[in-house]
Amino acid sequence: MNRIALTLSAVVLFLLCIPGVYAEEKDKASSSAPLSEGTKACLDCHKDLHPGLVRDWLASRHAQVVPGVAIKKAEMERRISAKSIPEALQSVAVGCYECHTLNPAAHKDNFEHAGYKINVVVSPNDCRTCHSIEAEQYSESTKAYALANLDNNPVFKTLVETIDGSKGLKNKKLVTSKPSDTTKNDTCYACHGTEVVVKGFKTVSTDVGDMQFPELLNWPNQGVGRINPDGSFGACTSCHPRHRFAISVARKPYTCSQCHVEPDVPAWNVYRESKHGNIFFSVEREWAFENVPWVPGRDFTAPTCATCHNSLLSTADGTTIAERNHNFGSRPWARIFGLIYAHPQPKSGKTYLIKNKDGLPLPTTFAGELASDYLIDKEEQIKRLGRMKRICQSCHASGFTDGHFTKFAASIEEADQMVKAATLLLQSAWDAGLADKSNPFDEAIEQKWVKQWLFYANSVRFGSAMMGPGYTTFEHGWWDLTNNLAEMTDLIKLEKGKGK
Amino acid sequence: MNRIALTLSAVVLFLLCIPGVYAEEKDKASSSAPLSEGTKACLDCHKDLHPGLVRDWLASRHAQVVPGVAIKKAEMERRISAKSIPEALQSVAVGCYECHTLNPAAHKDNFEHAGYKINVVVSPNDCRTCHSIEAEQYSESTKAYALANLDNNPVFKTLVETIDGSKGLKNKKLVTSKPSDTTKNDTCYACHGTEVVVKGFKTVSTDVGDMQFPELLNWPNQGVGRINPDGSFGACTSCHPRHRFAISVARKPYTCSQCHVEPDVPAWNVYRESKHGNIFFSVEREWAFENVPWVPGRDFTAPTCATCHNSLLSTADGTTIAERNHNFGSRPWARIFGLIYAHPQPKSGKTYLIKNKDGLPLPTTFAGELASDYLIDKEEQIKRLGRMKRICQSCHASGFTDGHFTKFAASIEEADQMVKAATLLLQSAWDAGLADKSNPFDEAIEQKWVKQWLFYANSVRFGSAMMGPGYTTFEHGWWDLTNNLAEMTDLIKLEKGKGK
Amino acid sequence: MNRIALTLSAVVLFLLCIPGVYAEEKDKASSSAPLSEGTKACLDCHKDLHPGLVRDWLASRHAQVVPGVAIKKAEMERRISAKSIPEALQSVAVGCYECHTLNPAAHKDNFEHAGYKINVVVSPNDCRTCHSIEAEQYSESTKAYALANLDNNPVFKTLVETIDGSKGLKNKKLVTSKPSDTTKNDTCYACHGTEVVVKGFKTVSTDVGDMQFPELLNWPNQGVGRINPDGSFGACTSCHPRHRFAISVARKPYTCSQCHVEPDVPAWNVYRESKHGNIFFSVEREWAFENVPWVPGRDFTAPTCATCHNSLLSTADGTTIAERNHNFGSRPWARIFGLIYAHPQPKSGKTYLIKNKDGLPLPTTFAGELASDYLIDKEEQIKRLGRMKRICQSCHASGFTDGHFTKFAASIEEADQMVKAATLLLQSAWDAGLADKSNPFDEAIEQKWVKQWLFYANSVRFGSAMMGPGYTTFEHGWWDLTNNLAEMTDLIKLEKGKGK
């Protein structure tokens, strides 16, 4: 009996000493689901070539549960949304071979590799095989068109080219070159996505002899609006990073923080300093990030980004609080990322199709008038606000929630008013010939105007939305909205004084 | 015997798989203490209406231990400071009913609700029932008067109105309106607190028919100087967030970070980059944040904000290192949050009562002279410094500690000197008519002066206090103190040049 | 049998309730290795005087494993690199006495203390006793000369004195004093290190009567280039903080983040927002930070700073991926911390010995020409790049890795181009007499030029290196590179306009 006691104690101690055994998802050195012959062949070489990648996949749900089992779960708990799964995929782990060989005809990056036809890039259209609803929703979002919306919009294109263009001096005057692809890929396109183009093939000498691989331009990239070699838009790995694809990672705010970050989109920064963030960072280690559906109170006690913006939420007894949605613009009623003012969410993810009163593809004019035809109407806004409040009320009384949203609406309006004041100042500088409006982004006073809406008004809006007091006040908030107007005024005075 | 082994292994594995079981406080779906009839009635509806709120409370100590038991702990371990507890509260969990019905006569927000008389807002005066010493100490702190100290001080009031006032253009000149309540609540008052006012009652249609609720203005808010509907000051939930009220949350720096954050009070930012922060973030998961008293070395190996600023600390054998204190100004000897210079801690939490040589309610004049009558004296400063060093010496030798505080004192003095230089420059601009001193906060050069003390000198002081090298140097530190003076000088030169 | 079950369940529950038992390193209240008589004597007093310090040490490997055992581990797993260990140290814990009494003749801070001859400061030369290779490598790094490289380089010395010098007004003009030691220690030297000087001895009254201690100037400090009282350079505690010296702490990015932080060296900030950081923060609690060697995939699934820059990495079956190296400049091929341009890594850690074409100890001229004699050559760069790629390929395919480094190389070049444009603008201001080049750091336009390379170009380089999209774009990235040039242009126009 003592022996049993000792053995068990040893087992316990052993378990306690394995890092990761406490994790929501088990970390294993082998798959617990059967592997296809194709995947076995991949692993034969790649487990030695890229051990980190392979072991990351081994820790994934893809390596543990075969689709034929996963699809039989109760509807609320299902992680597969396709009505049916191709026969060949049903009873093997979702491995290298399964994902990297789908839809080969569409994939310009498909290539002959050790006897198999392999795609380099796995696209949302490939993931659609099992996750069809998510892929469909995503394809309607502004995220999917994040690159297209930059490139097809002359205003944004000018902004990108002004920022990213290399500068030099010619006759003592600054001149701007067209930006390089590498710099665009490193900056705007890092989040918005690149167009991954197959340039041709190149020969690489490897341990097992020379091999041919496709040569991809604008790669690597994991931007949300990436245009893939199969023509699809987006990158699921933006939020479900390679090769574990854990829902728990996507649900933590660190994922969103890569792009939604100060000074232009300070969502992460505001969350960090909010009461919700305070609680997340203090006790998140006790939460369950893996459960589907996700239950407020049981699984977590403060929301993360995903809670309010896309996860399927239910009560402990299975009543739906919010539907899952991968069209991330479908929950909010307002778009507080001001362009240049806050506005109702656009109806379509393709915002480059908008035409405002001035003929520009912007949701408002510079004077603030809405391009209403392209934006959701009041009724839809009210419906969405109601749905959002339902989420808040998991933890907050209705008076609390109503008070918050009333304040938020007023702050949006006042931040817009501060942008309007800057716009009028800029207009007066243009009118007086102190700046040249042909490019509204390339002179110091114009750049102050950009900061007013892109940095400071955005900070106030995000700070108000999620109750981050620093970002409404001294950190790019009302302090800067005010100081920036004083600096614009000063600059105009000085420019005028010198008789220009 | 094998069956026992298997059963136990299963138990172990089961325990290892429950998220949160490792947490300092157990997460449960039911209270382990008996509930009052009132609380049972509340839970009947609210467990479905606000499951997150209810389950957060269920995980709290309030739901696990009845006051009659808690009060009998050894003095050092007691979390209740009242000498006695009202009979009715002694043997039931501290539930919804217990907290939301206290002192109804004082509560303007009290209302008839499902047969009970309920307060919406639970105030420090209610928490005082069990936590009397903490409530008393807090009521003497500058935190309790954080709103009053803004509103009753004409200098600060002007600063708030200058920052928060909406701006527009009139005859091409900037004009500032009086700020809205919503913007003040979103910005300064988010941390300082709002005055929560009962405007009247409103009818809300709910699932169980129409109900009447008090309509609260300036709500929600959890600022430290909130004025509550019962006339009390403060919000315990600022640091002990709803509805778990965990001491472990209050002891983590994330809580303080909501308000004590760059650019004006970069305590959090400095801590994050300090060696103490380095250790906290690296190993805090091994620490015990729940123990009372809190034992350096055993419970943690680097301080958090609470360690140095308010927690009860003792050695493992029970010798007190520092007394608990909820008057947060009672430990430090100097106030490094410069207004506009560092100064000895004020004697009273009501700083609006200060009168300096210029007749203003500021701890120093603009020239730096102390309003000594209102500030602690040298003797008290020395006593406090000694007490603080005692805490440091839990982990550091006296030579280390002395060297640190000597450097810190010198840095405070030099940062003040850099503020003085900016003040003289501003004075010269005022004297030359380049700026108008009637409002010292509304012109660009004045705002540079504000940055000198509020952002840059503060960064140097906090950076020196907690050894964060970025904030003393390039991140709002000496670099900016220096650069800002150069920019002020340039601006004065340019303004003069244009013959104004 | 039931009793066994109960006992074991109790054991399990007990284990689950002890905070820290899950930690990679066990937290104990006593050493498990035998103690020397000297260390016992130290602990007798100091366990009460500095309980935090003592318990931190008790949790260390130094307190658990005697050197005689540690040195017998398989080579890849050894943490001791000395070929042999002095007899006296072999079979006792590495305690207070063992470390604080080494090489007394060299230690100017050695003093008689309770019958023992004690050094206050333990230096890299002392740690060398067991960790000889690490000490040797470190002694060749730029880190070891971080103070010397500032103090012996007139350009950097001028920058330090310009920033840190206290400013006052004299005849309405700004004048700068020589900076104090305390301010230098609080700022630049906090990271670079101070020269710790023994000024003399002082008497301190303690609980056990008056005692004499050495009086150290410029102490405390843990900067990487600290000059110690024994003449050695550096502080192992910079990264292995007192008194646990845990490898797990050094391997977490929080350690590096103390100094490698925005705005000048935004390595931490970029990591935080990178995909690697995203994964680290989301799942690091599952990783094993203690293992030697460190195995990608098994021990972690995304790199930290240490992974790429110094740790010994191997595959699970023991094939070396990268050698351990404490000369932190020995892995990278380029130095992207621009001075003022990016450049190949210097050959020697003593960069003050460099002489460029202009005779200055800088790796490039102001015009960008390399001081090639002092920098590694193309061949060495290619070798190092290959070694670095090997690390990336633990998780990434070669096409992914190659694409990344191609983009990175282009971004370095373009950031340098943007610095060049600012340098030309500054030169034109100097030429026109609008600024005085005798000190290139003390006027507003010169400080804009410093920001161009030290803040903005550095942000782009670090952001590109580690794929942090904010820092290449709006957070001190291309936006600021561009805006700063526009502001410099404006300033030159305005200065000229006023007829200076």
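The values are calculated or read from the model by the stated rules, or taken from the named source; none is laboratory data. Only a predicted model underlies this, so the values are computations on that prediction, with no experimental measurement involved. Note: ideal-geometry Cβ built from the backbone for every residue, glycine included; neighbour counts use all protein chains shown.
Looking at B:Glu77, is it more than 14 Å from every other protein chain (Cβ to nearest Cβ), among the acidic types (Asp, Glu) and touching a residue at least 40 places away in the same chain (Cβ under 8 Å)?
Yes: the conditions hold for B:Glu77.
Can we say A:Ala371 is crowded, with 20+ Cβ neighbours inside 10 Å and more than 22 Å from A:Ser459 (Cα to Cα)? Spell out the reasoning first.
Details: crowded, with 20+ Cβ neighbours inside 10 Å: yes; more than 22 Å from A:Ser459 (Cα to Cα): yes.
So A:Ala371 fits the description; yes.
Working only within segment C:283-327, note down all residues that are among the aliphatic types (A, V, I, L, M), part of a loop (DSSP other than H, G, I, E, B) and more than 13 Å from chain A (Cβ to nearest Cβ).
Passing the criteria: C:Val292, C:Leu312.
Identify, by number, the condition in (1) assigned to a loop (DSSP other than H, G, I, E, B); (2) more than 10 Å from chain B (Cβ to nearest Cβ) that A:Thr255 doesn't meet.
Against the list (1) assigned to a loop (DSSP other than H, G, I, E, B); (2) more than 10 Å from chain B (Cβ to nearest Cβ), A:Thr255 comes up short only on (1).
Take A:Ser60 and decide whether it is small (Gly, Ala, Ser) and either modelled with pLDDT of 95 or more or more than 33 Å from the chain's Cα centre (by Cα) (or both).
yes
Checking the conditions here, which among C:Gly231, C:Gly225, C:Gly277 is at positive phi, outside any strand (DSSP E or B) and not charged (D, E, K, R)?
Unique residue meeting the criteria: C:Gly231.
Residue by residue through segment C:113-140, note down the ones that are touching a His at 6+ places or on another chain (Cβ under 7 Å) and within 30 Å of C:Glu75 (Cα to Cα).
Of everything in segment C:113-140, those that are touching a His at 6+ places or on another chain (Cβ under 7 Å) and within 30 Å of C:Glu75 (Cα to Cα) turn out to be C:Val122, C:Glu134, C:Gln137, C:Tyr138.
Considering each of C:Tyr352, C:Tyr271, C:Tyr341 in turn, give the residue that is buried (at least 23 other Cβ atoms within 10 Å of the Cβ), in contact (Cβ under 8 Å) with a residue 60 or more places away in the chain and away from chain A (no Cβ under 14 Å).
C:Tyr341
Just to be sure, is B:Ala322 under 17 Å from the mean Cα position of the chain (by Cα), aliphatic (A, V, I, L, M) and crowded, with 19+ Cβ neighbours inside 10 Å?
no
Scanning for something more than 9 Å from every other protein chain (Cβ to nearest Cβ) and more than 23 Å from the chain's Cα centre (by Cα), does segment B:456-473 turn up at least one residue?
There is no residue in segment B:456-473 that is more than 9 Å from every other protein chain (Cβ to nearest Cβ) and more than 23 Å from the chain's Cα centre (by Cα).
Confirm whether B:Ile382 is within 30 Å of B:Lys355 (Cβ to Cβ), more than 8 Å from every other protein chain (Cβ to nearest Cβ) and assigned to a helix (DSSP H, G or I).
yes
Does segment C:420-430 contain at least one residue that is more than 10 Å from chain A (Cβ to nearest Cβ) and aliphatic (A, V, I, L, M)?
The answer is yes, given that some residue of segment C:420-430 is more than 10 Å from chain A (Cβ to nearest Cβ) and aliphatic (A, V, I, L, M).
Is it true that some residue in segment B:6-15 is modelled with pLDDT under 95, facing chain A (nearest Cβ under 8 Å), farther than 24 Å from B:Pro241 by Cβ and surrounded by 18 or more Cβ atoms within 10 Å (Cβ to Cβ)?
yes
Among the residues of segment C:474-500 satisfying the criterion of being free of Cβ contacts under 8 Å to residues at least 12 places away in the same chain and among the basic types (Lys, Arg), which is nearest to the other protein chains (Cβ to nearest Cβ)?
The qualifying residue nearest to the other protein chains (Cβ to nearest Cβ) is C:Lys498.
Go through segment C:385-400 and count every residue that is within 13 Å of another protein chain (Cβ to nearest Cβ), under 16 Å from C:Asn325 (Cα atoms) and of a type in the set (Lys, Arg).
So the answer is 1.
Scan segment A:483-490 and give yes if some residue there is at pLDDT 95 or above and touching a Gly at 6+ places or on another chain (Cβ under 9 Å), otherwise no.
no
Here is a list of conditions, (1) more than 29 Å from C:Gly349 (Cα to Cα); (2) at pLDDT below 95, and C:Ile279 meets all of them except one; can you say which number that is?
So C:Ile279 meets the others, but not (2).
Does segment A:485-498 contain any residue that is surrounded by fewer than 24 Cβ atoms within 10 Å (Cβ to Cβ) and in a loop (DSSP other than H, G, I, E, B)?
Yes; the residues of segment A:485-498 include at least one that is surrounded by fewer than 24 Cβ atoms within 10 Å (Cβ to Cβ) and in a loop (DSSP other than H, G, I, E, B).
So if I check each of A:Lys173, A:Lys143, A:Lys108, A:Lys178, which one is without any contact (Cβ under 8 Å) to a residue 40 or more places away in the chain and either within 21 Å of C:Ser411 (Cα to Cα) or away from chain C (no Cβ under 11 Å) (or both)?
A:Lys178
Right, A:Phe441: among the hydrophobic types (A, V, I, L, M, F, W, C) and within 14 Å of chain C (Cβ to nearest Cβ) or not?
Yes, satisfied.
Residues C:Asp44, C:Asp56, C:Asp126, C:Asp48: which one is part of a helix (DSSP H, G or I), over 30 Å from C:Ser330 (Cβ atoms) and touching a residue at least 60 places away in the same chain (Cβ under 8 Å)?
Being part of a helix (DSSP H, G or I), over 30 Å from C:Ser330 (Cβ atoms) and touching a residue at least 60 places away in the same chain (Cβ under 8 Å) holds for just one of C:Asp44, C:Asp56, C:Asp126, C:Asp48, which is C:Asp56.
Can you name every residue in segment A:234-246 that is of a type outside the set (Gly, Ala, Ser), within 11 Å of chain C (Cβ to nearest Cβ) and assigned to a helix (DSSP H, G or I)?
Once the filter is applied, which keeps residues that are of a type outside the set (Gly, Ala, Ser), within 11 Å of chain C (Cβ to nearest Cβ) and assigned to a helix (DSSP H, G or I), segment A:234-246 yields only A:Thr237.
If you go through segment B:81-106 one residue at a time, how many are under 20 Å from B:Leu58 (Cβ atoms), part of a loop (DSSP other than H, G, I, E, B) and of a type in the set (A, V, I, L, M)?
Taking segment B:81-106 first, the residues under 20 Å from B:Leu58 (Cβ atoms) are B:89, B:91-101.
The next check asks that each one be part of a loop (DSSP other than H, G, I, E, B); those that pass are B:91-95, B:100-101.
Next, from what is left, pick out any that are of a type in the set (A, V, I, L, M): B:92-94.
Qualifying residue count for the region: 3.
Among the residues of segment A:173-222, which ones are at pLDDT below 95 and either in contact with a His (Cβ under 6 Å, 6 or more places away or on another chain) or assigned to a loop (DSSP other than H, G, I, E, B) (or both)?
A:Asp207, A:Val208
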